[in-house]
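Have a look at the structure below, then the notes.
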Amino acid sequence: MTACPQPEPAPSPPGTADPPDPGPPEPFGPPPRLESPAELIAAIPVLLGFHPRDSLVLVSLTGSRHGGGVGLTVRVDLPRSSASTRRVCQEAVGVLVGERPARALALVVRDPGPGGPSPRRSRRDMGSAARRALLDAGIEPVAVLWATGTGAGDRWGCFDQPCTCGGILPDPASTALGVTAAVRDGRAVLPDRAAVLAPLDGDAGARRRRARLRDTGAAPARVSAAVGTALLDACLDEAAASRFVVDDRLALALCGALDVGDVRDEALRRCLGGRAADAEQLWAVLAAALPSPQRAHPLALLAVCALLRGDGALATGAVQRALAERPDHVLAGVVASSLHGTRDPRSPAARWAGPRGLRRLLTAMLDPDATDDPAAR
């Protein structure tokens, strides 16, 4: 794999940014080739689940240069102010730190529009800051690219002079990497991030129903841990069979169950175990069905499942809604910390960044005496 010459800008100061959106955490092939980086750019919507706009996207590359693959993909909104450029890039790179990649590709997606600056000049500051943040974290920036979009026919190129690489993006369905990613994830590519988050709040009927349950003032009945866990597993079975329906009585019963700490611990174990896919489906239904403030519980659990699966857009949206319902929600705060990552790869917090870091942290929380799982490293 070859790369364009990479000049190094001045070091950037620390800062914070909104949580990035990580993509799939596990490496998968075939190895990308920078002789044809258009294929990797074209596959990004498949990796993220939507077409990013006005975004910085970082793609970690794992293994050797000749036998590696694509690992974690991270997306973050472009800052409106150039003063925030450095800290936003550091925040995005901070999530990669938890996955410990050796190399990464940076892409700035922005269409300057008719009459705007050339794409190469538009947000060049973002490309420079992303390169610097990667270097500071000990990650080699193999290329820093721009694109006007991520759809077939959009233009792309390299920020660096005198490099002349660039061209038109292909249809991801025509590329080996795009096909591999699509088969691996089995999910549709949505038009934008808003379409990913829309199901969290449900339709107008779901919002009215949540408000009615909240306003009735009916207190959820507290149950024992055993009864609450049994109810949870019964709902998981129904969700797995695609026949789960929530009426008012069940909604209040689940509110009462999830208010019990031991039941929430069992729910979290379902997110980490073999029933994670069924659990994610259940939490998504409950996030749209349960009233405030108990809605924070399924939202936080949904954020866990989504981030572990690599769906950072969904994880970010779910955790933001959970914290809006309950600002002190512990699990939501844990997921938010993993999404924010750390700018210092030597910091102890680096261990908890990103999907793998979150799994390590939650496993330690549920079983403090357990030895660390080398497979999760």
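Taking the average, over residues, of other Cβ atoms within 10 Å as the packing measure, peptides 353-365, 256-268 rank 353-365, 256-268 from highest down. Hey, any idea what % of the range 38-153's accessible area is carbon plus sulfur with a 1.4 Å probe? In the range 38-153, the share of accessible area belonging to carbon and sulfur is 45 percent.
Provide the packing ranking of 134-140, 73-79, 201-207, 272-278, i.e. peptides ordered by the mean count of other C-beta atoms within 10 Å per residue, highest first.
Details: 134-140: 18.6, 73-79: 23.6, 201-207: 12.4, 272-278: 14.3.
Output ranking for 134-140, 73-79, 201-207, 272-278: 73-79, 134-140, 272-278, 201-207.
For the range 208-306, with all protein chains present and a 1.4 Å probe, just round the carbon and sulfur fraction of the accessible area to a whole percent. Heavy-atom surface of the range 208-306 belonging to carbon and sulfur, 1.4 Å probe: 53 percent. Packing, taken as the mean count of other beta carbons within 10 Å per residue, orders the peptides 333-340, 88-95 from highest to lowest as 88-95, 333-340. Per residue, the accessible area of the range 54-150 comes to 33 Å², computed with a 1.4 Å probe over protein heavy atoms only.
The values are calculated or read from the model by the stated rules, or taken from the named source; none is laboratory data. Keep in mind it's a predicted model, so treat the numbers as computed, not measured. Every residue, glycine as well, gets a Cβ built from its backbone with ideal geometry; the counts of neighbours run over all protein chains shown. Note: accessible area is taken over every heavy atom of the protein model, side chains too, but ligands, DNA and RNA are not part of it. Shrake-Rupley method; radii C 1.70, N 1.55, O 1.52, S 1.80 Å.
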